[in-house]
Every structure is written in structure tokens, then in C-alpha cells.
Amino acid sequence: MSSESPSAKTAEELFQEGLTAGRIKDNAAALESYKEAVKIDPDHFMAQFNLGIRYGKLRMNLEAAKCFREALRLKPESPMVHYSLAVVSNLIGEIDESFLHYKEAIRINPEFAKAHSNLAMLHYSLKRGKETIHHLIAARKFFQKSGDEFMGKNAIDLLQECCREFNLTEEECQTL
């Protein structure tokens, strides 16, 4: 009779188990599978990244940030890792880091609508009207291009409100 212990599994097998657990919303099992996977293989990019996602879903943002930084070490040109790190950095009060990673996500993927949208909101929180509107214009364009009607309409509504609030026109904010 053979009983397979977690240590006998490969990092990839544990990663796949984490995916399966995540699909059925078993956060604890997903978290444990991803942790075991990165224990076996700290360079398993997807396990590191998904561990960060899972920590984020559990509002364990300091841990999520650590995982995203590890994932970033493995794939520094991943716009999604920069975006994810920007989100949790903002949540833990690392505003400069958040700006840096949103900008990097956009540098790598200029059409990353959610990054533009979130960066706009970060600028808005600091009352930077021109920057807010500039990124909302981009977000609107790329949400519409991708067919995301809800987010496109949201960007339009926010643009109108921000143009009024900051007394700026879209034309004035096309370039920074």
C-alpha cells in the first residue's frame, strides 16, 4: 500500500492541485498547495504568482506583495505581475511603489486598460487632475477597444466628472 506524501509530489503537481482547489473556492487548500510548490521550487513562476493572488483574495496583502516581488524577480517583463504588485502596494500604503509598477505595466503593455484606470484613480487620490484625465482617456479607449462596455462606460462617466472637477478638457490632458 503506497501513500503519497506532499513531499513526493513535484512543484508542478502541487501547483495544479492549487489551481483545482482555487476553482472550487477552497482557499486554504489552494494556499497550502502553492506554498508547498514554491518550497520545492522557489523559481516556479506561476506558483509564486498564484500564491500572491490567493493571499490577495484573503486580504493578506503583505504576504501577497512578497510573492509578487518573487514572481517579478522571475519574470520582470510581466505586465500582470507589475499590475498585481501595484494593486497590493497601494493597499499596504506603498504609494510610490504602486505608481512605479502601474507605470511599468503600462510601459510593457501600453493597452493595459485596467492599469490605466487604476493609475488614474491613484492620481485622483492625490488630486492630480491632468494625470487622472490622461489615464482615464487611455482606459476608456482600451476598454472600448477590448469590448468591455461596462468599464468603458465607467471610464466615460469618470472622465466627465473629473473634467468638471478639475476644470480641464480632454484635449488639455492628451499628453503629460
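Read the figures in this text as sums done on the coordinates, not as results from a lab. What you see is a predicted model; the values in this text were computed from it and never measured. Neighbour counts run over all protein chains shown; Cβ positions are idealised from the backbone, glycine included.
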*For A30, state whether it is closer than 23 Å to T132 by Cα and of a type in the set (G, A, S).*
no
*Just give me the residues in the range 8-30 being among the hydrophobic types (A, V, I, L, M, F, W, C) and either surrounded by fewer than 19 Cβ atoms within 10 Å (Cβ to Cβ) or within 25 Å of G93 (Cα to Cα) (or both), in sequence order.*
A8, L19, I24, A28, A29
*Having 1 or more residues that are more than 12 Å from the chain's Cα centre (by Cα) is the bar; report the helices (runs of 4 or more DSSP H) wholly within the range 74-150 that clear it.*
95-108, 113-125, 129-146
*Only one of these conditions is not met by S33: (1) surrounded by fewer than 15 Cβ atoms within 10 Å (Cβ to Cβ); (2) part of a helix (DSSP H, G or I). Which number is it?*
(1)
_In the range 74-90, residue surrounded by the fewest Cβ atoms within 10 Å (Cβ to Cβ) [restricted to those that are under 11 Å from N61 (Cα atoms) and polar (S, T, N, Q)]_ = N90
_Candidates K25, K66, filtered to the one that is more than 21 Å from T10 (Cβ to Cβ), out of contact with any Leu (no Cβ under 7 Å at 6 or more places or on another chain), assigned to a loop (DSSP other than H, G, I, E, B) and not hydrophobic (A, V, I, L, M, F, W, C)_ = K25
*Could you say whether any residue in the range 139-149 is of a type in the set (A, V, I, L, M) and under 19 Å from F99 (Cα atoms)?*
yes
